[in-house]
1. Net charge near residue 56, counting Lys/Arg +1 and Asp/Glu -1 over other residues with Cβ under 14 Å of its Cβ?
2. Return 126, 15 ranked ascending by Cβ neighbour count within 10 Å, so the fewest neighbours appear first.
3. For the range 140-155, take each phi angle, set θ = phi - 60°, evaluate the Karplus expression 6.51 cos²θ - 1.76 cosθ + 1.60, and give the result in whole Hz per residue in order, putting x for glycine and proline.
4. Amide H neighbours of residue 49 under 5 Å, counting only residues 5+ apart in sequence or on other chains, H built in-plane at 1.01 Å?
5. How many nm separate the modelled label positions at residue 156 and residue 28, each set 7 Å beyond the Cα in the direction of the Cβ?
6. Quick one: 3J(HN,Hα) in Hz for the range 98-105, Karplus 6.51/-1.76/1.60 with θ = phi - 60°, rounded, Gly and Pro as x.
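No value in this document is a laboratory result; all are computed from the given coordinates. The model shown is predicted, which means the values in this text are computed figures rather than measured ones. As a convention, Cβ positions derive from the backbone with ideal geometry for all residues, glycine included, and neighbour counts pool all protein chains shown.
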Amino acid sequence: MIDIVGPIIPSLRRYARALLRDAVAADDLVQDTLERAIGRWHQRREDASTRAWLLTILHNLAINTMRRNNRRGVAVAIDAVEESTMATLPSQEAGLAQRDVLRAVAQLPEDQRTLLLLIALEGVSYAEAATITGVPVGTVMSRLSRGRERLRRLLAEPGETAARPMLRSVK
């Protein structure tokens, strides 16, 4: 089982960090995902993608975590603050561009943000994204298109129509 799941863990961590924007909570989410997968390994379909199955579990747990955090409020972990202050700082221009993209992605509606992260960051197919999020492929395509367009508008400089060079189509 570790031979199957091991190579997928970095992808789970990336997606969890992108969804939660908290490294410690993301690692906890990945651990919860793996615990749930191990407990339900017998329910896994042999003909289906293990990666899509694990991302589906992570996605559902992330939604539950975000709902719980919205009800309770969010606390900042001391470890996360120390980690960010000790990190190597990117160049000023790259840091500003990265900050702008992260802010723009955070402004997207959750359904558009989730699909954009799955497809652009994790490289899953439209069909896998549909399976993970539980919506039809056509809905994935339309939400992704609306999300990309909204992101272009958010990143556009005043007077420009869109910021196409900063984005690339994955599929």
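1. Values: positive: 36, 40, 44, 45, 51; negative: 32, 122, 128.
Within the 14 Å Cβ shell, the charges total +2.
2. Numbers: 126 17, 15 26.
The most exposed by this proxy come first: 126, 15.
3. In residue order, the calculated couplings are 4, 5, 5, 5, 5, 4, 5, x, 4, 5, 5, 5, 4, 5, 5, 8 Hz.
4. none
5. So the label points at residue 156 and residue 28 sit 4.0 nm apart.
6. Coupling constants for the range 98-105: 4, 4, 4, 5, 4, 5, 5, 5 Hz.
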